[in-house]
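Undergrad: Okay, here's the structure, questions in a sec.
Values quoted throughout were computed directly from the atomic coordinates according to the rules given, and no laboratory measurement underlies them. Note that the structure is a prediction, hence the values are computed from the model and not measured. Backbone-built Cβ (ideal geometry, glycine too); neighbour counts: all protein chains shown.
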C-alpha cells in the first residue's frame, strides 16, 4: 500500500533531497498503532526512515523495495509488480496516466463536474480498475477496484501546501476494509545529499539479505 503515497511527491533536483517529518497511525479492529520518522525523496529514490517504535528503513527505486532493520542487521529485497514513478498527475495524458499505462492499464473514460475531474482506468487482463479524482489539478482520491468492482483500497489526499513551487498533500488517508492508515507529513525541506544521509539508504556487508520475487 505504501507506494500509493509516493506518486504524489514531486521531483527534487538530483543533488538534493526533499524531506518530511511524518506521523503514521494505523487503526483496525484490534486498536491503533503509531509510528514516526522521516521521508526522503529525490528524482530516483524514495526512503521512509522509521525512528519509532522500531528502527527501520524502507527504500524504493524502480520496481524494487528494500526493507532494512539496521539494529538487527537484516534486510529484505522485494520485487514489486508496479514500477514506481514519482511524478505529478494532471489528466489522461499526464504523468499519472503514463504510470498507469506502464503498469498495463487502459484509459476508459473521463468525467468532469465543475472543478472536479474523475478518470477511470482498467487493466485488460486482471479486469481491476483504478479511479482517481482531481480538483483544480490536485489529486484528491484514488480508488482501486477488483474484477468484481468491489473497492479494495481508497487513498485520499488533503491539506495541500505550496513548497518550492509545488503543491504537496500533507495528509494522506488509506482505507482498506476495516483498516485505516493516516499519514501526516510536516516540515517539508530540502537538504543536500550527503554521506550522513546516504547511510540510511545502504545495506552493510554484514547484513543478512532475503530476496523475494527476483530470479535467483
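Undergrad: For a quick check: sort 210, 180 by the number of other beta carbons within 10 angstrom, fewest at the front. Walk me through the intermediate numbers first.
TA: Numbers: 210 10, 180 15.
The most exposed by this proxy come first: 210, 180.
Undergrad: Also: Rank these for me by crowding, 76, 144, going from fewest to most other beta carbons within 10 Å. Write out the running numbers ahead of the final one.
TA: Details: 76 15, 144 18.
By the 10 Å Cβ count, ascending, the order reads 76, 144.
Undergrad: Neighbouring Cβ atoms within 10 Å as the yardstick, rank 131, 48 fewest first.
TA: On the way: 131 19, 48 24.
Fewest to most other Cβ atoms nearby, the residues stand as 131, 48.
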